[in-house]
1. Report every pair of residues separated by at least 6 positions or lying on different chains whose Cβ atoms are under 8 Å apart, first residue within the stretch 104-115 and touching a residue at least 24 places away in the same chain (Cβ under 8 Å) and at negative phi, second loosely packed, with under 14 Cβ neighbours inside 10 Å and basic (Lys, Arg).
2. Please work out which residue is nearest to ARG58 (Cα to Cα), limiting yourself to the stretch 164-176 and to residues that are within 24 Å of the chain's Cα centre (by Cα) and of a type outside the set (Val, Ile, Thr).
3. Consider ARG133 carefully, then state whether it is open to solvent by 30 Å² or more (accessible area, probe 1.4 Å), within 30 Å of PRO205 (Cβ to Cβ), in contact (Cβ under 8 Å) with a residue 40 or more places away in the chain and more than 20 Å from the chain's Cα centre (by Cα).
4. Within the stretch 180-224, how many residues turn out to be within 22 Å of GLU127 (Cα to Cα) and either part of a loop (DSSP other than H, G, I, E, B) or touching a residue at least 24 places away in the same chain (Cβ under 8 Å) (or both)?
5. Inside the stretch 16-48, can you point out the residues that are over 29 Å from GLU174 (Cα atoms) and open to solvent by less than 40 Å² (accessible area, probe 1.4 Å)?
6. List pairs: first in the stretch 234-253 and farther than 12 Å from THR163 by Cα, second open to solvent by less than 20 Å² (accessible area, probe 1.4 Å) and among the small types (Gly, Ala, Ser), Cβ under 6 Å, 6+ apart or cross-chain?
7. Taking the stretch 141-152 as the search range and keeping residues that are of a type outside the set (A, V, I, L, M) and in contact with a helix residue (DSSP H, G or I) (Cβ under 8 Å, 6 or more places away or on another chain), which one is surrounded by the most Cβ atoms within 10 Å (Cβ to Cβ)?
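The values are calculated or read from the model by the stated rules, or taken from the named source; none is laboratory data. These figures come from a predicted structure and were not determined experimentally. Cβ: placed from backbone, ideal geometry, glycine included. Neighbour counts: every protein chain shown. SASA here: full protein model, heavy atoms, side chains in, ligands and nucleic acids out. Shrake-Rupley method; radii C 1.70, N 1.55, O 1.52, S 1.80 Å.
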Amino acid sequence: MRVPGGAKIDLSSYEAGATPTGPQDKAAGLAATARMGEHLADLQERLWAASTAGDRRRVLLVLQGMDTSGKGGTVKHVIGHFNPSGCRIRAFKTPTAEERKHSFLWRIRRALPEVGEIGIFDRSHYEDVLIARVRELAPHKEINHRYSEINRFEKSLADDGVTVVKVFLHISYEQQRRRLLERLDNPDKYWKFNVGDIEERALWPAYQRAYEIALDRCSTPEAPWYLIPADRKWYRNWAISKLLLEHLEALDPQYPKADFDVEESRKRLLAQTLTSPARL
């Protein structure tokens with residue numbers, strides 16, 4: 001599922017409902033994802049603990065995909081394995097007036113995870129070469145320059161101890177229609193429906209091309225893209241959980257050794273007795 005750098009990606013050649021590796025049915029996928037949960041939580045704790053001893057490493061999960069592809073679902077079902085106090089989650093919406101005064105990377109830098117944390121971006125700096133390209137929100141020359149800026153930015157993150165895991169949630173045109181209709185069929189889901197999604201859907205070919213260019217030009221050794229089939233929610237959750245597990249295992253964070261005398265501290269604790277306060 002890793003996108004090779006410089007490859008010419010044709011998204012139509014990737015089956016959004018495929019299960020290219022791992023569990024092949026929903027029951028097996030749900031069970032496998034659940035089994036990963038305890039190990040993911042342990043690795044997160046070790047990452048946080050290591051940061052207290054000066055380890056600067058952290059993880060950034062970037063989620064991109066068309067509407068209904070499951071960015072929010074991933075946050076709910078995959079990031080739910082982790083202790084929320086060690087996570088930094090940011091959903092990027094339309095830039096505010098303040099954000100528009102700065103470079104497109106300004107708001108991204110402000111949302112990066114601190115040392116020991118796991119950061120999650122629901123949308124990201126890639127919006128500035130996706131919707132900006134499709135909707136022509138910036139000159140073509142400027143958008144082309146942004147790909148190089150992004151690559152330099154992500155390399156600087158890697159050099160500073162950030163493991164960048166970029167995930168493109170690949171959903172099919174037909175599956176997106178079904179999910180949008182499900183929202184219209186359920187009054188409890190009306191809040192999730194945006195009439196603008198219909199307009200964006202009409203631009204599907206342009207968005208697919210914009211994603212192909214981003215995947216082509218910004219899958220680097222320091223920050224590769226992973227293309228995740230997202231029509232099956234259970235498979236999407238398994239695949240992203242597996243990706244995070246593999247990257248955290250590769251980091252192999254360790255609990256720091258004690259910087260105090262353990263046995264002396266034990267003796268002092270055991271020697272303590274509670275004395276009653278004097279009565280007035």
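1. Sorted first by the residue in the stretch 104-115, then by its partner, the pairs are VAL115/ARG56.
2. At the first step, the residues of the stretch 164-176 found to be within 24 Å of the chain's Cα centre (by Cα) are 164-173, 175-176.
Now narrow it down to the ones that are of a type outside the set (Val, Ile, Thr): 166, 168-170, 172-173, 175-176.
Numbers: LYS166: 14, PHE168: 20, LEU169: 22, HIS170: 26, SER172: 32, TYR173: 35, GLN175: 34, GLN176: 33 Å.
Checking each candidate, the answer is LYS166.
3. Values: open to solvent by 30 Å² or more (accessible area, probe 1.4 Å): yes; within 30 Å of PRO205 (Cβ to Cβ): yes; in contact (Cβ under 8 Å) with a residue 40 or more places away in the chain: yes; more than 20 Å from the chain's Cα centre (by Cα): yes.
It is true that ARG133 is open to solvent by 30 Å² or more (accessible area, probe 1.4 Å), within 30 Å of PRO205 (Cβ to Cβ), in contact (Cβ under 8 Å) with a residue 40 or more places away in the chain and more than 20 Å from the chain's Cα centre (by Cα).
4. Initial filter on the stretch 180-224 (within 22 Å of GLU127 (Cα to Cα)): 180, 192-224.
Now narrow it down to the ones that are either part of a loop (DSSP other than H, G, I, E, B) or touching a residue at least 24 places away in the same chain (Cβ under 8 Å) (or both): 180, 193-195, 197, 200-204, 206-208, 210-224.
Total meeting the criteria: 28.
5. Hits for the stretch 16-48 are MET36, GLY37, LEU40, ALA41, LEU43, GLN44, ARG46, LEU47.
6. Here the result reads TRP234/GLY29; TYR235/GLY29; ARG236/GLY70; ARG236/ALA230; TRP238/GLY29; TRP238/ALA32; PRO253/ALA50, each pair linking the stretch 234-253 to a residue that is open to solvent by less than 20 Å² (accessible area, probe 1.4 Å) and among the small types (Gly, Ala, Ser).
7. The initial filter retains those residues of the stretch 141-152 that are of a type outside the set (A, V, I, L, M), namely 141-142, 144-149, 151-152.
This time we only want the ones that are in contact with a helix residue (DSSP H, G or I) (Cβ under 8 Å, 6 or more places away or on another chain), so: 146-147, 151.
Values: ARG146: 23, TYR147: 16, ASN151: 17.
If we take residues in the stretch 141-152 being of a type outside the set (A, V, I, L, M) and in contact with a helix residue (DSSP H, G or I) (Cβ under 8 Å, 6 or more places away or on another chain), then ARG146 is surrounded by the most Cβ atoms within 10 Å (Cβ to Cβ).
Listed here are the residues, each with its yes/no results for (1) touching a helix residue (DSSP H, G or I) at 6+ places or on another chain (Cβ under 9 Å); (2) among the polar types (S, T, N, Q).
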residue	(1), (2)
ARG35	no, no
ALA41	yes, no
GLN44	yes, yes
TRP48	yes, no
GLY54	no, no
VAL62	yes, no
